[in-house]
1. In contact with a Pro (Cβ under 9 Å, 6 or more places away or on another chain) and modelled with pLDDT of 50 or more: does that describe R103?
2. Could you please let me know if I148 is among the β-branched types (V, I, T) and modelled with pLDDT under 90?
3. Take the residues in segment 85-101 that are assigned to a strand (DSSP E or B) and without any contact (Cβ under 8 Å) to a residue 24 or more places away in the chain, then tell me which one is surrounded by the fewest Cβ atoms within 10 Å (Cβ to Cβ).
4. Among the numbered conditions (1) over 15 Å from T116 (Cα atoms); (2) outside any loop (DSSP other than H, G, I, E, B); (3) modelled with pLDDT of 85 or more, tell me where L9 comes up short.
5. For segment 125-157, which positions are farther than 17 Å from Q98 by Cβ and small (G, A, S)?
6. Which of the residues that make up segment 74-84 are hydroxyl-bearing (S, T, Y) and buried (at least 18 other Cβ atoms within 10 Å of the Cβ)?
7. Only residues that are without any contact (Cβ under 8 Å) to a residue 40 or more places away in the chain and aliphatic (A, V, I, L, M): list them for segment 72-84, please.
8. Within segment 124-135, can one find any residue that is touching a residue at least 40 places away in the same chain (Cβ under 8 Å), surrounded by 17 or more Cβ atoms within 10 Å (Cβ to Cβ) and of a type outside the set (G, A, S)?
Amino acid sequence: MFQGVGIGLLLSAVSLGVSAQVVQNTTAKPAAASAPAAQARPADGGQAGSANSTMAELQQLIQNRALNELRTTYNGNYGASLLFKADDLTYYVAMFQQKNFWRVVKTTSEQQAEQTYKAFVEQTVQLADVDIRRIKLDAERAATERLISANESRLSALQNDLTMQRQQEQQVAARQEQARQEAAALANERQAAREQLNTLQRQIRMLEEQQSKLDSAGATLAGDSKRGR
């Protein structure tokens with residue numbers, strides 16, 4: 001009975017007719033992958049899905065749930081699975097990219113199956129290194145762009161604050177200058193008013209003195225007139 005959820009994700013790819021490179025060597029260790037999965041598609045896609053291929057056999061067994069999933073390793077978009085068909089003690093080792101089978105090895109040797117699985121896992125590590133680095137770099141780029149955006153917003157806010165501050169300072173300076181000019185004008189007006197007041201007060205005192213002298217003279221004349229009678 002097929003068990004596990006890892007390789008089961010490939011079932012949808014099986015029904016779509018997956019392009020793959022099929023390896024049917026049951027004695028030799030698999031050679032290292034020489035090209036990414038996207039470049040491993042055969043010239044005739046129908047050959048990969050032919051009934052007389054290890055790939056088609058594996059796909060059929062997966063569909064029939066006739067395999068046990070012993071191990072599955074994911075590295076980025078790449079993965080490797082070790083599957084076991086219990087009724088005839090046969091091992092299937094598959095390497096895939098996303099949902100696309102890439103390489104498959106069928107063997108009855110447990111040792112070869114384990115070695116092939118380890119080799120496939122190592123290859124997925126190497127193959128995924130670029131993708132993982134791309135993912136990290138993309139995340140760092142996005143984080144940097146967010147920081148740039150935040151700093152641009154902060155810079156814009158500071159520039160606006162500085163512009164408003166300078167405008168306020170200019171307005172304050174203009175108001176202070178106007179106040180100084182008004183104060184100087186008021187001081188001049190006050191001084192002129194005081195001088196005018198002093199002049200009026202002097203004139204009043206002069207007139208009062210003259211009035212007092214006239215009153216004194218009038219009183220003297222009135223007294224002399226009474227005595228002459």
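The values are calculated or read from the model by the stated rules, or taken from the named source; none is laboratory data. Here the structure is a predicted model, which is why all the values come from computation and not from measurement. Cβ placement follows ideal geometry from the backbone for every residue including glycine, while neighbour counts extend to all protein chains displayed.
1. For R103, the condition - in contact with a Pro (Cβ under 9 Å, 6 or more places away or on another chain) and modelled with pLDDT of 50 or more - is met.
2. no
3. T90
4. All conditions are met except number (3).
5. Correct list: A139, A142, A143, S149, A150, S153, S156, A157.
6. Matches in segment 74-84: Y78, S81.
7. Here is the first cut: in segment 72-84, the residues without any contact (Cβ under 8 Å) to a residue 40 or more places away in the chain are 82, 84.
Residue satisfying the conditions is L82 alone.
8. For segment 124-135, residues touching a residue at least 40 places away in the same chain (Cβ under 8 Å), surrounded by 17 or more Cβ atoms within 10 Å (Cβ to Cβ) and of a type outside the set (G, A, S): present.
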